[in-house]
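Enquirer: Quick one: this structure, given as structure tokens, is what I'll be asking you about.
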Amino acid sequence: MNPFELLKNTQAIKEQSEKLQQELAELRVQGTSGGRMVTITMNGKFEMLGIKLDPICVDNRDVQMLEDLIVAAHKNAMDNALEAVKEKSQELLGGMDLSALGL
């Protein structure tokens with residue numbers, strides 16, 4: 001294999017990786033629980049950006065329920081973010097199978 005061709009491919013992969021990282025930072029997904037009583041917004045880097053609570057679920061007599069709803073909404077947001085990351089990666093990598101990477 002021509003070393004210059006390899007270098008060219010490496011640069012293209014680097015550019016695609018940088019583009020993917022930027023798109024993931026800008027990606028927004030939501031996860032909900034309790035019939036949308038709790039909504040979590042997350043980016044494609046799995047960073048939680050916000051949480052919205054329906055006032056009806058804020059009852060100081062049932063903090064455990066609210067905690068459970070937050071955990072469930074976070075899991076739902078993580079699942080949605082992972083799915084979106086897979087889709088973005090597939091688009092940029094031309095359908096390359098990422099299952100070996102756990103994605």
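Just so you know, all these numbers are worked out from the coordinates, no wet-lab data involved. None of these values were measured; they are calculated from a predicted model. As a convention, Cβ positions derive from the backbone with ideal geometry for all residues, glycine included, and neighbour counts pool all protein chains shown.
Enquirer: Note the per residue figure in Å³ for the convex hull of the C-alpha positions in region 2-49. Please list the in-between numbers first.
Expert: Details: hull volume 3.1 nm³, N = 48.
Given the Cα convex hull of region 2-49, per-residue volume reads 64 Å³.
Enquirer: Compare the peptides 12-19, 30-37, 45-52 by average per-residue count of other Cβ atoms within 10 angstrom and give them in order, highest first.
Expert: Details: 12-19: 11.1, 30-37: 16.8, 45-52: 12.6.
Put in order of decreasing packing, that is 30-37, 45-52, 12-19.
Enquirer: Limiting things to C-alpha atoms, what are the Rg and the maximum Cα-Cα separation (Dmax) for region 48-91, in angstroms?
Expert: For region 48-91, the Cα-based Rg and Dmax read 14.2, 47 Å.
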